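Colleague: Take this structure, written in structure tokens, and hold onto it; I'll ask about it next.
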Amino acid sequence: MAKRSEIHFQQGVSLLDFQSKYGTEEQCQKHLFQLKWPNGYCCPRCAHKQYYFVRSRSLYQCQNCRSQTSLISGTIFSSTKLPLTVWFLAIYLVSQSKKGISSLKLMRFLGISQNAAMRLKHKLQMVMKQADDEKPLKGFIQVDDVYWGGKHSGGKRGRGAEGKTPFIAALERNEKGNPLFIRFSRIGAFTIDQIQRWGERHLISQSLVVSDGLACFAGFQAINHSHFSINTTSRYRNSDFTFFDWLNTVIGNVKNAMLSTYHGICHRHLPRYLGEFCFRFNRRFKLPILLNSLIYYSVKSNPIPERQLRRAEDWW
Ligand SMILES: [Zn+2]
């Protein structure tokens, strides 16, 4: 387990290192090819291994069935007008910025329009959320009910308060109690029904869930988890009880970073912002891995069309 200071001062990927690896279109294409076809070209229609490269249109044509495909088809880069170097640089900036990076800053760094920067940013956020949502938490899980927005977005709990968007914050800890992974998910309300739907999607069965005793969390019992609640308001209040410190600290850090980096987060897109911070936190020990895994998941992600980008996220 690395200490917080080790995480804070770890060597990231320098811009020079990044540029020497992904600074040209050819380098990005080569990397994309390796991720897309790790065992060499394979026709998406007939699985034939031989191809002609149509240089004028950058297309790969199957020597057997003659169907054509591009490197970017079927990936997050599908139908983009931006060069891959711009995408890769965006991935670098997003992955290495601990507190996130606004679309305005991306626009300036990348030399593209703010709309293009916004679309690119949201696509990457969705990739990050989807990547983590595929991996349920397991073992020892601590959960808490949190709200975003309203009058006191970082402050006092406002269960059910108007203008606030509820989300569940979960932290997987190891046997020593140290934090491993987090999952912050928007939910409709803190009801037993919704907590169970969330638990079925995001926790591996027979986990041990610990909460501060909000009634809905008892719902975990019925879906094959053990649940314990710890009362934080009475007898532990004045002791040196620090069980909830880790999760509270992470929640506070994420909220503060979101408030300072982004102005006016649209509530229906809150899940993808939360997903972005969770993705980085979950890979916090190795910044180079963070960069590579965001490239990897971008290539493996299905294309995200405009209508999906505009739509509110599914909560689960
Ligand atoms: Zn073919």
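The values are calculated or read from the model by the stated rules, or taken from the named source; none is laboratory data. Here the structure is a predicted model, which is why all the values come from computation and not from measurement. Here Cβ is always computed from backbone atoms with ideal geometry, including for glycine, and neighbour counts include all displayed protein chains. Note: accessible area is taken over every heavy atom of the protein model, side chains too, but ligands, DNA and RNA are not part of it. Shrake-Rupley method; radii C 1.70, N 1.55, O 1.52, S 1.80 Å.
Colleague: Provide, as a two-decimal number, the C-alpha radius of gyration of the chain over 2.2 N^0.38 Å, N being how many residues it has.
Modeller: Cα Rg divided by the expected 2.2 N^0.38 Å: 1.11.
Colleague: To the nearest 0.05, what FRET efficiency results for Ser70 and Cys46 with a Förster distance of 25 Å applied to their C-beta separation?
Modeller: Given R0 = 25 Å and the Cβ-Cβ separation, E is 0.90.
Colleague: Something else about it: Test of understanding: given the chain, find the longest segment containing no GluC sites (Glu not before Pro) that are in a DSSP loop and have at most 15 other Cβ atoms within 10 Å.
Modeller: No qualifying site falls inside 176-316, the longest such stretch.
Colleague: Considering only C-alpha atoms, what is the centroid distance from segment 244-316 to segment 107-121, in Å?
Modeller: 18
Colleague: I need the calculated FRET efficiency for the pair Leu59 and Ser113, taking r as the beta carbon distance and R₀ as 30 Å, to the nearest 0.05.
Modeller: Step by step, r from the Cβ atoms, then E = 0.65.
Colleague: A further question follows. Just the projected area, averaged over all directions, of the convex hull on the alpha carbon atoms of segment 170-234: how many nm²?
Modeller: 4.8
Colleague: Going toward the positive end of the dipole of the chain, with +1 on Lys and Arg Cβ and -1 on Asp and Glu Cβ, which of Ser229, Gln61, Ile251 do you reach last?
Modeller: Gln61
Colleague: Compute the signed sum of charges (Lys and Arg +1, Asp and Glu -1) over the other residues within less than 15 Å, Cβ to Cβ, of Gln29.
Modeller: Result for the neighbourhood of Gln29: +3.
Colleague: Binning at 5 Å from 0, report for segment 14-133 what percent of all alpha-carbon pair distances ends up in each bin.
Modeller: Whole-percent P(r) values from 0 Å outward: 2, 10, 18, 20, 18, 14, 9, 6, 2, 0.
Colleague: So for the chain, averaging the separation of alpha carbon pairs under 8 Å that are six or more residues apart and normalising by length, what relative contact order in percent results?
Modeller: Computed over the chain, the figure is 23 percent.
Colleague: Roughly how much of Tyr92 is accessible, in Å² to the nearest 10, using a 1.4 Å probe?
Modeller: Rounded to the nearest 10, that gives 20 Å².
Colleague: If the elastic network links every pair of Cα atoms under 10 Å, which of Phe244, Phe217, Phe167 fluctuates the most in the Gaussian network model of the chain?
Modeller: Top of the fluctuation ranking is Phe244.
Colleague: Each residue of segment 107-120 in turn: what ³J(HN,Hα) in whole Hz from Karplus with 6.51, -1.76, 1.60 and θ = phi - 60°, glycine and Pro shown as x?
Modeller: Once θ is set to phi - 60°, the couplings for segment 107-120 become 4, 5, 5, 9, x, 10, 5, 5, 4, 5, 5, 5, 4, 4 Hz.
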